[in-house]
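Some notes on the structure that comes next.
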Amino acid sequence: IVAGPVAGLNLPDLGAHVIKVESLAGDAHRNTDTTVPGESKMFQGNNRGKRGIAIDLHDARGRAAILALVPTVDAVVVNYRPGVPERLGIDYEALRAIRPNIIYAQVSGFGETGAGAKKAGSDIVAQAHSGLMAMDGKVDEGGSPQVIGIPLADYAAGLAIAMAICAALYHRALTGEGQRITTSLLRMGLH
């Protein structure tokens, strides 16, 4: 819920027009420590410069709306664990069938393969699994590592995906080819 928005935050700074797609319930950070309902500072900070739309991807009409947008976009950022985009019909192959030169960027918790691939991931879990917490040196009274105060793996993944999208757009300008690019919170924590 942070890496995708951070990727989408950096792209408008470079001149891109970004459309944030939220569920009908809204982004989970809309109401995190907020004084203005639905407009927390974290939500505002991670989503400035974007246009937004609320769509129910579990409804055929919502999926149809997304698929109708695909021919008009250069890149898609997906912030789901592997398998979810396929179930929703918004995976790389589905979108590439509509726009063959699409740039498809996916951020997951643990990557596309391996024991944790199907698990949901969060920054705190990536910090623990990657050793970031231990490297930070903060421990509680029992000696257990403490979470770093900012979602560092999420921010790194968002920046990495934004940078990879720029490289993929350059590649497409030279070759006409789109591509699928991925990263994970764990990879960024290890990085």
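Points worth noting:
- Residue list for the range 12-69, filter: of a type in the set (D, E, K, R) and within 21 Å of Ile103 (Cα to Cα): Asp13, Lys20, Glu22, Lys50, Arg51, Arg63
- The residues on offer are Leu88, Leu67, and the sole one that is aliphatic (A, V, I, L, M) and over 27 Å from Phe110 (Cβ atoms) is Leu67.
- Selection count where residues are of a type in the set (A, V, I, L, M), surrounded by 13 or more Cβ atoms within 10 Å (Cβ to Cβ) and assigned to a loop (DSSP other than H, G, I, E, B), scope the range 117-141: 1
- Just one of the listed residues (Gly26, Gly8, Gly15, Gly62) is open to solvent by less than 40 Å² (accessible area, probe 1.4 Å), free of Cβ contacts under 8 Å to residues at least 12 places away in the same chain and not hydroxyl-bearing (Ser, Thr, Tyr), and it is Gly62.
- Any hit, the range 95-103, residues being surrounded by fewer than 18 Cβ atoms within 10 Å (Cβ to Cβ) and of a type in the set (Gly, Ala, Ser): yes
- Listed by first and then second residue, the pairs with beta-carbon distance under 8 Å, at least 6 apart or on different chains, first residue in the range 101-115 and over 24 Å from Val70 (Cα atoms), second in a strand (DSSP E or B) and open to solvent by 10 Å² or more (accessible area, probe 1.4 Å), are Gly111/Thr182.
- When Thr113, Thr175 are checked against the criterion of being of a type in the set (Val, Ile, Thr), within 26 Å of Asp91 (Cα to Cα), open to solvent by 80 Å² or more (accessible area, probe 1.4 Å) and out of contact with any strand residue (DSSP E or B) (no Cβ under 9 Å at 6 or more places or on another chain), Thr113 stands alone in meeting it.
- Enumeration of residues in the range 81-94 that are out of contact with any strand residue (DSSP E or B) (no Cβ under 6 Å at 6 or more places or on another chain) and either on the phi < 0 side of the Ramachandran plot or open to solvent by 40 Å² or more (accessible area, probe 1.4 Å) (or both): Val84, Glu86, Arg87, Leu88, Ile90, Asp91, Glu93, Ala94
- Output for the range 142-191, where each listed residue is modelled with pLDDT of 95 or more, basic (Lys, Arg) and assigned to a helix (DSSP H, G or I): Arg172
- Scanning the range 29-38 for residues that are open to solvent by 30 Å² or more (accessible area, probe 1.4 Å), in a loop (DSSP other than H, G, I, E, B) and more than 17 Å from Ala3 (Cβ to Cβ) returns Asp33, Thr34, Thr35, Val36, Pro37.
- All conditions in (1) modelled with pLDDT of 90 or more; (2) open to solvent by 20 Å² or more (accessible area, probe 1.4 Å) hold for Lys41, with the sole exception of (1).
- Residue check, Met188 crowded, with 19+ Cβ neighbours inside 10 Å and free of Cβ contacts under 8 Å to residues at least 60 places away in the same chain: no
- Among the residues of the range 29-47, none is identified as touching a residue at least 40 places away in the same chain (Cβ under 8 Å) and more than 15 Å from the chain's Cα centre (by Cα).
The values are calculated or read from the model by the stated rules, or taken from the named source; none is laboratory data. Just so it is clear, the structure is predicted and the values come from calculations on it, not from any experiment. Cβ atoms come from the backbone with ideal geometry, glycine included; neighbour counts cover every protein chain shown. Accessible surface is based on the protein model in full, side chains and every heavy atom, while ligands, DNA and RNA are left aside. Shrake-Rupley method; radii C 1.70, N 1.55, O 1.52, S 1.80 Å.
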